[in-house]
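Participant: I am attaching a structure below and will ask some questions about it afterwards.
The values are calculated or read from the model by the stated rules, or taken from the named source; none is laboratory data. This is a predicted model, so every value here is computed, not measured. When we count neighbours, we look across all protein chains shown, and the Cβ atoms used for this are built from the backbone with ideal geometry, even at glycine. When the accessible area is computed, the model is the full protein with side chains, heavy atoms only, and any ligands, DNA or RNA have been set aside. Shrake-Rupley method; radii C 1.70, N 1.55, O 1.52, S 1.80 Å.
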Amino acid sequence: MNPFRIFLHTLLDSLRDLLPIIAVIGFFQLLVLQQPIPDFLEIFIGVLFVLIGLSLFVLGLDMGLFPIGESMAHAFARKGSLGWLLMFAFALGFGTTVAEPALIAVADEAAAVAANGRMIEDDLQSRESYAFGLRLTVAVSVGLAIVIGVLRIIRGWPIQYLIIGGYIGVVVMTLFAPKEIIGIAYDSGGVTTSTITVPLVTALGVGLARSIKGRNPMIDGFGLIAFASLTPMIFVMGYGMLV
């Protein structure tokens, strides 16, 4: 298929996805607030850039990240080495999470708030150290989560028991963690499942399930993202109790 036609089709899909957001903003700005949209030309250009960027991102996922994730899962399954597969799973979870822009933003904001609240020293080095420690904590937790998810796919463990047990752990940790860290911990579970982590981890799970005889990609291939959302909450609360 012509690459231009593929991009045009992706562009139209992205426009369809953005239209509800544009409609909501326009409705409340023009009909409820009854005010003209400020700096309309700049906003229009910005929305246009978002549309093009989103389309290129989705196209890149389809052409690059999803295929490479699935192909590496197939390769490790054929190799038959559980140790290398688990090492790859941890490295993938750690590497994608530590590079997440949303996590970097939340960690920096958490460090600034902690400094203002006198939980840490109010200087650049202390804020950077706190934010970096928070990012490493979340990245390690996601790496371990992907390892658990991969073991679940290989062994065929029911996902519901692992998830229920994990959230029981979250509730127990919430009872003992400092109240200042609880909100950050819960938000950390959300920001880890963002633009970089989700495509590669999903491709890994689906590719691995397709490579193992007796596994259903629909049943066994998904669920890794749930672990990636769960474990950071526990680890960040533990980080708050220690730091």
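Participant: Leaving out ligands, DNA and RNA but keeping every protein chain, what accessible area does ASP108 have, in Å² rounded to the nearest 10, with a 1.4 Å probe?
Facilitator: The accessible area comes out at roughly 80 Å².
Participant: Another question, if that's okay. If I require 27 Å or longer along the helix axis, counting alpha carbons, and a Kyte-Doolittle average no lower than 0.0, what helices from the chain are left? Use full DSSP H segments. Mind dumping the intermediate values first?
Facilitator: Working: long enough: 3-27 (36 Å, 1.24); 40-60 (30 Å, 2.60); 124-155 (46 Å, 1.11); 224-242 (28 Å, 1.81).
In the chain, the long hydrophobic H runs are 3-27, 40-60, 124-155, 224-242.
Participant: Still on this structure, please answer the following. How much of the accessible area of the chain, in percent, comes from carbon and sulfur atoms when a 1.4 Å probe is used?
Facilitator: Working: 9760 of 13880 Å².
It is 70 percent, rounded to a whole number.
Participant: In Å and whole numbers, how far do the C-alpha atoms of the stretch 45-166 stretch along each principal axis, longest first?
Facilitator: 52, 43, 27
Participant: Now a separate question. Are there any trypsin sites (Lys or Arg not before Pro) in the stretch 124-216 that are in a DSSP loop and have at most 14 other Cβ atoms within 10 Å? List them by number. It would help to have the intermediate numbers written out before the result.
Facilitator: Values: sites: ARG127, ARG135, ARG152, ARG155, LYS179, ARG210, LYS213, ARG215; in loops: LYS213, ARG215.
Listed in order of number, the matching sites are LYS213.
Participant: Over what distance in Å are the Cα centres of the stretch 221-241 and the stretch 124-168 separated?
Facilitator: 4
Participant: Moving to a separate point now. Based on DSSP H runs of at least 4 residues, each adding -39500 (n - 2.57), what is the mean residue ellipticity at 222 nm of the chain after dividing by all its residues, to the nearest 500 deg cm²/dmol? Intermediate values should be presented prior to the final figure.
Facilitator: On the way: 11 runs with 194 residues, N = 243.
About -27000 deg cm²/dmol.
Participant: So if I place +1 on the C-beta of Lys and Arg and -1 on the C-beta of Asp and Glu, and nothing else carries charge, what would the dipole magnitude of the stretch 130-220 be about its Cα centre? I want it in debye, nearest 20. Walk me through the intermediate numbers first.
Facilitator: Values: 7 positive and 3 negative charges, 77 e Å.
That gives the stretch 130-220 a dipole magnitude of about 360 debye.
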